[in-house]
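Coordinate-derived values only; no laboratory data. Quick caveat, the model's predicted, so the values are computed rather than measured. Positions of Cβ are backbone-derived with ideal geometry, glycine not excepted, and every protein chain shown enters the neighbour counts.
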Amino acid sequence: MQLYFEQLKDDIRESYNNRFQNTYQIDYNAGSVLDNIPENLRPIPFFEMRPIYQWMQLDPDAFPPAEKWNGEQLKEICAMLRQLFEEYDYDLMIPFELPFEYEYKWLIKALRVEESNFLNSEHGPAEIAFCNHDTTTCPFGDFCAGEDCWGSIHDGKNWRKYE
């Protein structure tokens, strides 16, 4: 399992190294796509819509269940995935105190978010949230604390687990 773990880490590093070419801006002036875009919106940069894992060039099915990793591997893979989301300018909203085995599952779920468009820092991070701050319906269950249950990975609070 260690060799597979190392290969996944290499894949994440490769995604990081290729992030600029993975997130190219589509040239909509090259075809008839502009016919469907109102005149007043044509100067705005448009990006192709696709699932996040396609932007990152990572197959979510390549990530085994959390139970296959030991504690240190799970912690490391979570940290790497969090950093990768940040580098691709996605702001993940996951509770601060979520145990790593659950965090890992939500990180993989975030890879599968459909119809995502890549946004660069010029436009601000794209937020990925699974909770609406309602503790009765939150998918994070007991880890949800309403408005205070999660925050931006950019604010540094989530990184205390990885230090």
Study note, to complete from the structure: Per the rule of 0.36 nm per residue minus the C-alpha distance, extending F96 to E72 adds in nm 6.8 nm
Check your understanding: Between K109 and T135, what length comes free when the chain is fully extended (0.36 nm per residue of separation minus the Cα-Cα distance, one decimal in nm)?
Key -> 7.3 nm
Check your understanding: Going by average Cβ neighbours within 10 Å, how do the peptides 69-75, 103-109 rank, with the highest at the top?
Key -> 103-109, 69-75
Review point. What does the charge add up to near I12, with Lys and Arg as +1, Asp and Glu as -1, over the other residues with Cβ less than 13 Å from its Cβ?
Key: -4
Practice item. Work through the residues other than Y104 whose Cβ is under 11 Å from its Cβ and net out their charges, Lys, Arg +1 and Asp, Glu -1. Key: +1
Study note, to complete from the structure: Between Q57 and K9, the two model label points (7 Å from Cα along the beta-carbon direction) sit apart by a distance in nm of 2.1 nm
Study note, to complete from the structure: Packing-ranked peptide list from 90-96, 55-61, highest mean Cβ count within 10 angstrom first, is 90-96, 55-61
